[in-house]
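Contents: one structure, followed by commentary.
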Amino acid sequence: MVRSRRRASPRLLCMLLAVLCTLPLLARGGGEKPKVRAVTAFIRLDRNQYRKQIDETLTMLRRARAEFVQAGFEVQTLRITTQPFPEYVRDLSREQALALFRDVDRLATQEGFIMAIGPAMMTDFDDPRMADLLAEILGATVNLDGSLMVAADDGIHWKSVQAAAQVVKTLSLRTPHSQGALHFAAIAMVPPVTPFYPGSYHLGPGRAFAVGLQSANLVAEAFSHAQNPKQARGLLEEDFEEIAHGVEGVAAAIQKETGWLYAGIDLSPAPLKEVSIGAAIERLTGAKFGSSGTMTAVAIITGTLRDIVVRRTGYSGLMLPVLEDSVLAQRWSEGTLKLDALLAYSAVCGTGLDAVPLPGDISTEQLAKIIGDVASLAVKLRKPLSARLLPVAGKTAGQRTEFDDPYLVNATLQALP
């Protein structure tokens, strides 16, 4: 009797690829896999059937999480991103719109996801009252994020810059510990379909997903074995290619099983507290972050990420979120790292000014100038940047922040330049 051979399923082959791609990293001696910070689904929300849409989306996201876990990745958050929210609250009163988002927020708490509702303004011709509504929405919810587009291919949106500054100021004054500003970003040249928040949005038909990693540990692993910048780049490229191809193997299986389109991976090596990009860079430079050599290390990371051949999306550059990174927060407290230096690093890194603590007495005009600088740099360099600024009401320079958030590290406020 002749036995028939069973062919391996495409899903099994994809999962096997995900495991095999990480073996060289593990064999080198360190190499804990990075966590998946976000699996983000993109949907075109219909306010008349949003509960059904969210339920169907969560079915896909939970299946995706299970696939990543089976491949050895821990998944931190499940996220849902919509088209810009003014499109689906059109003709609603302010009270009706707020009621809609409060209900979505309750649903997010119950079901364990977070949601980005997109930019309040995409151009300077959009209704500025939507920016005011966004501030109200974010002030009344805990699981929603939003943004304003302050620069795009048509240049800087100066009205949106002013509106964004007002949103930041409003959230700092009207939310506990001023933490509402954490859920808002002024975004410049940021493309759609980025998995990272708060600047996530999309403009297409939906039914797509993207992945973002918490992979600062990969940078630390590569830099700890490097004797010079050239070797650091080579090791970093090797490690990121292995992990990225593993992630894409899992994503391909998810796409085949669910019918949702895999839109790409944001290669930005996001840190989180002790998984510190600041510490990784200090391993290479042998000096405190902000010292000479920091710019070179920043350029190595972003340049390496751009050379990796995968389906990229979002920022795909270095993230330096001050209050989400224990070493960066410490250097900020010491004064080794300052606002102007962060902006300078943005010329060769990914995200701009991220999770930057500021004294509570900063004016709306000063906030607008900072956001305008980020927008100007993004337009000049034709690259995605954003500003997530955190003024702390009632706190002045020299005092310490008192954020009550598991993802934040507190730091000493600096005087404004």
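Ordering of 377-388, 40-51 by packing is 377-388, 40-51, highest average first (other Cβ atoms within 10 Å, averaged per residue). Across the chain, C-alpha contacts under 8 Å between residues 6 or more apart give a mean separation that, scaled by the residue count, equals a relative contact order of 18 percent.
Computed with the Debye formula from one identical point scatterer per Cα of region 280-394, without solvent, the log10 of I(q)/I(0) at q = 0.12 Å⁻¹ comes to -0.44.
Once the C-beta distance of ASP307 and ASP132 is scaled by a Förster radius of 41 Å, the resulting FRET efficiency is 0.45 to the nearest 0.05. Taking 0.36 nm per residue of separation and subtracting the Cα-Cα distance, full extension of the segment from GLN399 to ASP91 would add 106.4 nm.
Counting 0.36 nm for each residue step from ASP103 to THR336 and taking away their Cα separation leaves a gain of 79.5 nm.
Considering only PRO406, ILE254, SER268, and ranking their Cα positions along the charge dipole of the chain that arises from unit charges at the beta-carbon of Lys, Arg, Asp and Glu, the one farthest toward the positive end is ILE254.
For the chain, the fraction of alpha-carbon pairs lying more than 26 Å apart is 53 percent, rounded to a whole number. Membrane-span-like helices in the chain, defined here as complete DSSP H runs extending at least 18 Å along the helix axis by their C-alpha atoms with mean Kyte-Doolittle hydropathy no lower than -1.0, are 50-70, 94-111, 158-174, 229-258, 294-307, 364-381; this is a sequence and geometry rule, not a statement about a membrane.
Of the trypsin sites (Lys or Arg not before Pro) found in region 68-146, those that fall in a DSSP loop while having at most 11 other beta-carbon atoms within 10 Å are ARG90.
When the Cα gyration tensor is reduced to axis lengths a ≥ b ≥ c, the ratio a/c is 1.5 or higher for region 184-277, and with a/b not above b/c it is classed as oblate.
Suppose R0 equals 45 Å. What FRET efficiency, 1/(1 + (r/R0)^6) with r the Cβ-Cβ distance, do ALA140 and ALA344 give to the nearest 0.05? So the FRET efficiency works out to roughly 0.75.
A straight Cα-to-Cα reach below 30 Å connects LYS35 with the lysines LYS52, LYS230, LYS256, LYS273, LYS288, LYS338, LYS383, residues fewer than 8 places away in its own chain not being considered. As a proxy for reagent exposure, ranking LEU416, LEU78 by other Cβ atoms within 10 Å from fewest up yields LEU416, LEU78. For the chain, the antiparallel share of DSSP beta bridges with both residues in that region comes to about 30%. Helical content alone sets the calculated 222 nm signal of the chain at -14000 deg cm²/dmol, taking -39,500 (n - 2.57) per DSSP H segment of four or more residues and averaging over every residue.
Throughout, read-outs are computed from the coordinates displayed, never taken from laboratory work. Every value quoted in this text rests on a predicted model; they were computed, and no experiment measured them. A quick note on method: Cβ atoms are made from the backbone with ideal geometry, for glycine too, and the neighbour counts reach across all protein chains shown.
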